Amino acid sequence: MAQNLNAIANTPGGWYVLVDYVNFKGEGLNTSGGYNGQNWGLLQVLEDMQPSQPGQQSLHLFADAASRVLERRVRNSPPARNEARWLAGWSKRINTYRYSNV
């Protein structure tokens, strides 16, 4: 997790990715939060990422992990909340992370 955090932080545009995701979905540090005991914050995204080094690829890996984490959130959410309606917008926002250094 620390390796992935450093990879993003040391990639041009990486601080935008980290700060925006925390503002967007939180840090993920609340151990009693989430649905079915699974959170969707920055910590969970960094843990879900494949090991990465600084560079463009780390932004893609972060965006891929963020998508998986938020899709899991929707699967775990109470059906009455209909959180699937937000996935398209979330995906659009997450895709901005892929090219934040361009």
Of all accessible heavy-atom area on the chain, the percent that carbon and sulfur account for (1.4 Å): 52 percent
Accessible area expressed per residue, the chain, with surrounding protein chains retained (probe 1.4 Å, Å²): 55 Å²
Spacing of the two label points (7 Å from each Cα toward its C-beta) at V22 and S91, in nm: 2.9 nm
Max mean-square fluctuation residue, GNM over the chain, Cα-Cα springs under 10 Å, options E27, E71, E83: E83
The range 84-94 - phi-based ³J(HN,Hα) in whole Hz, Karplus 6.51/-1.76/1.60, Gly and Pro as x: 4, 5, 8, 4, 4, x, 4, 4, 4, 5, 4
Length gained when the stretch A84-E47 is fully extended (0.36 nm per residue, less Cα-Cα span): 11.0 nm
The range 36-99 shape via C-alpha gyration tensor axes, a/c threshold 1.5: oblate
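The values are calculated or read from the model by the stated rules, or taken from the named source; none is laboratory data. In this text the structure is predicted, and so the values were computed from the model without any measurement. As a convention, Cβ positions derive from the backbone with ideal geometry for all residues, glycine included, and neighbour counts pool all protein chains shown. To get the accessible areas, we keep the full protein, side chains included, count just its heavy atoms, and leave off ligands, DNA and RNA. Shrake-Rupley method; radii C 1.70, N 1.55, O 1.52, S 1.80 Å.
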